[in-house]
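To keep things clear, I will list the structure first and then write my remarks on it.
The values are calculated or read from the model by the stated rules, or taken from the named source; none is laboratory data. These numbers come from a predicted model, not from an experiment. So basically every Cβ, Gly included, is an ideal-geometry build from the backbone, and we count neighbours across all protein chains shown. Quick note on the areas: whole protein, heavy atoms, side chains included, nothing else; ligands and nucleic acids left out. Shrake-Rupley method; radii C 1.70, N 1.55, O 1.52, S 1.80 Å.
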Amino acid sequence: MVQEHRANPEKGNPILRLTGISKNFGAVSALTDIDLEVQSGEVVALVGDNGAGKSTLIKILAGVHQPSSGRIEFCGQPVSLDSPSRALELGIATVFQDLALCENLDVVANLFLGHELSPWNLDEVAMEVRAWTLLKELAARIPSVREPVASLSGGQRQTVAIARSLLLDPKIIMLDEPTAALGVAQTAEVLNLIERVRDRGLGVIIISHNMEDVRAVADRIVVLRLGRNNGVFRPDASNQELVASITGATENSVSRRLDRRTGHNGLNGSAT
Amino acid sequence: MNRNMPKDVANKDQALDRRDERIRHDDGLPGALRSFVNRVRSGDLGMLPVAVGLIVISIVFSILNPVFLAPNNLVNLLFDCATVGILSLGIVCVLLLGEIDLSVGSMSGLSSAIIGVLWVNSGLPVVIAIFAALVTGALIGALYALMYNRLGMPSFVATLAGLLALLGLQLYILGPTGSINLPYASPLVRFGQILVMPDWISHGLALMPGLVMVMVGFAVRKRRRSANLSTQPLTILLGKAAALTVSLEFAVYYLNLGRGVPWMFGLLVALVIVLNYALTKTQWGRSIFAVGGNREAARRSGINVRRIYLSAFMLCSTLAALGGILSASRLASSSQQAGTGDVNLNAIAAAVIGGTSLFGGRGSAYSALLGIIVIQAISNGLTLLNLNSSLRYMITGAVLAIAVIVDSLARRSRLSHGRA
Ligand SMILES: Nc1ncnc2c1ncn2[C@@H]1O[C@H](COP(=O)(O)OP(=O)(O)OP(=O)(O)O)[C@@H](O)[C@H]1O
Ligand SMILES: [Mg+2]
């Protein structure tokens, strides 16, 4: 549970600071008293079991849900993120777990949705050129940007959603399981991309169940468990520590499985 | 960054959007035909049902009664199209959102009553009466949007209540006499009954779409070429423009054998063109399609969803009010019957027959125009056969049912072909 991270000239000033964020859905308290800080030029990984509240936290920051209580500071100023457009205006871009694309519109229309170039006489050519450039950066394999999104594969849609988050020059990017459906090359490109935007001084929050990806890019790993903070780790923390924190017990199904397979050797070499 | 994709490097000289070797590029005339067939097969029917419908209707009715295709009958048909066509245009806006307005008929009736009461009974200038009717329409649309946005009332129910309430209001302001005649010699009534374009204007206007198509087409080609994007083949552009111009000029020539092209129909076409521009070329239109396709995704993209609903419902009711004004001028009266009967369903059926989906997110302004021509052709043909309204209602009802079935089946097919 260490707070220090790799040396990076551009980091230091916090972009986003949450204190005491709680969210109730009726009787369910999805989040209780969450604290989180993201600095510029920093990649924070948010990990936790299914239903731990990761997506809920992201949606609060994206302005999709309103917190039941708590305080959000953006670049030092307290803000209320009361709508998605407010969050986008501030420079908070999000790739949602459920992607949130309009299936009836083509790729270009989805990329620029709500932020079209020249609103009174849409500049389709400029938008299409920008779309191709963005998609190439992500090594996207998309045959045509003029087909409706409904005709794309899951991974292609995910690439479109990621490309969309980059469009508005955000200050912080939040990616909710961005690589879940991606191929090997595309996953590598997304990880490269995360490093590139980090180096440009942006903040990144990434949610992933893939510990390898998390370790590869994260400066800090924040664990949520049952809607509460359950520890902060450095990327070189051992697998055992992380899994214990995620599941809430040193003796858990993951360790039991490992024990079974390695004959009680307690394997955790992959961590270091 | 494309180390893992040598093919991209090999294709560097190709247009930006032509580098994926998997996609078949339908260039040239055979290609265009093939992609049309593919689109139809996957359930993207577009204007096809209308075209087929119109041909079948013309053949059947002209066999039953040759008067059907006489120039003057077609001129009458266009006069009739204008009033309900404008209601249908408003319906397109709300259908694109996946909502509906069942009260456009009543709204048009109310607006026709407002014209009669303010203009004839109270002696106010006609312009003020028209303005009052349009504002009433806008306010009622805003009320529907308010009930939808703030109270979560489904538009189906809100406008069903509106259907009855507005009809009541229409009867109330018309009073016990129930009918007000509008002065025959007034420009408003002449506009609805006799005013047609001079030949040279109608022929000139029929040239415009083709010309604009070619001009815009060339400008777009130039921009796309300089941006290294693929361009539409010249033959297709010119071929389409030529076909369009020839058919429009022939239609105008044929109508001019009779009385000519009604100005009122010209107004409908102008409104269709304006709405088409708004829907396809502006941010507002894009937002309408986005909200109709996936409301939550649209909201998360920063679109003000409530304002989009407000604009669509207001536009729909205002257009309904305009349609009511035109129907008053067409009938030279404001009566209790205005906007009742099959007006409502005809307006909705026209939009659906023209290819606007009831499920939201698909359709176009042109669907109102083409759909209303089909509907009015049926009703005109049946009237020529001296069938009374009982049969007319049944047949129109059946046509609407068929249109909705086609829409549902096409949607199912689109879903399975990944075209949503
Ligand atoms: N809109 C909602 N209404 C009611 N309950 C909700 C809603 N959204 C989330 N929840 C509840 O909040 C809890 C946290 O959900 P959340 O989606 O944040 O989990 P997660 O950590 O993202 O899980 P996963 O790894 O499966 O994506 C769950 O118990 C879920 O049932
Ligand atoms: Mg989640």
For the stretch A:164-190 the number of residues that are more than 16 Å from ligand 1 (Cβ to nearest atom) and either within 13 Å of another protein chain (Cβ to nearest Cβ) or open to solvent by 50 Å² or more (accessible area, probe 1.4 Å) (or both) is 15
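So in the stretch A:90-110, with the set limited to residues that are over 18 Å from the mean Cα position of the chain (by Cα) and either among the hydrophobic types (A, V, I, L, M, F, W, C) or open to solvent by 40 Å² or more (accessible area, probe 1.4 Å) (or both), which one is farthest from ligand 1 (Cβ to nearest atom)?
Restricting to residues being over 18 Å from the mean Cα position of the chain (by Cα) and either among the hydrophobic types (A, V, I, L, M, F, W, C) or open to solvent by 40 Å² or more (accessible area, probe 1.4 Å) (or both), the top hit is A:Val108.
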Does the stretch B:372-386 contain at least one residue that is more than 14 Å from chain A (Cβ to nearest Cβ), assigned to a loop (DSSP other than H, G, I, E, B) and surrounded by fewer than 24 Cβ atoms within 10 Å (Cβ to Cβ)? yes
Kindly establish whether B:Gly258 is at the interface with another protein chain (Cβ under 8 Å from one of its Cβ atoms) and not aliphatic (A, V, I, L, M). no
Which of the following residues is in the same structural domain as B:Val126 (by TED's automatic domain parsing) and under 15 Å from B:Gly292 (Cβ atoms): B:Gly361, B:Gly323? B:Gly361
Would a scan of the stretch A:145-160 turn up a residue that is more than 16 Å from the chain's Cα centre (by Cα) and open to solvent by less than 10 Å² (accessible area, probe 1.4 Å)? yes
Within the stretch A:20-74, how many residues turn out to be assigned to a strand (DSSP E or B), in contact with a strand residue (DSSP E or B) (Cβ under 8 Å, 6 or more places away or on another chain), within 12 Å of ligand 1 (Cβ to nearest atom) and open to solvent by 50 Å² or more (accessible area, probe 1.4 Å)? 2
Looking at B:Ala338, B:Ala365, B:Ala332, which one is touching a strand residue (DSSP E or B) at 6+ places or on another chain (Cβ under 7 Å), more than 24 Å from B:Leu69 (Cα to Cα) and among the aliphatic types (A, V, I, L, M)? B:Ala332
Those residues of the stretch A:151-179 which are more than 11 Å from A:Leu135 (Cα to Cα), among the aliphatic types (A, V, I, L, M) and within 16 Å of ligand 2 (Cβ to nearest atom) amount to A:Met174, A:Leu175
Every residue in the stretch A:64-98 that is within 16 Å of ligand 2 (Cβ to nearest atom) and at the interface with another protein chain (Cβ under 8 Å from one of its Cβ atoms), please. A:Val64, A:Thr94, A:Phe96
Taking the stretch A:191-210 as the region of interest, how many residues are surrounded by 19 or more Cβ atoms within 10 Å (Cβ to Cβ) and either touching a Phe, Trp or Tyr at 6+ places or on another chain (Cβ under 7 Å) or within 28 Å of A:Ser29 (Cα to Cα) (or both)? 6
B:Ile194 fails exactly one of the following numbered conditions: (1) modelled with pLDDT under 95; (2) under 30 Å from A:Ala109 (Cα atoms). What is the number of that condition? (2)
With respect to the numbered conditions (1) surrounded by fewer than 17 Cβ atoms within 10 Å (Cβ to Cβ); (2) out of contact with any Asp or Glu (no Cβ under 8 Å at 6 or more places or on another chain), which one is the sole condition not fulfilled by B:Pro233? (2)
So which residues in the stretch B:91-133 are closer than 13 Å to B:Gln336 by Cα and within 22 Å of the chain's Cα centre (by Cα)? B:Gly105, B:Ser106, B:Met107, B:Ser108, B:Gly109, B:Leu110, B:Ser111, B:Ser112
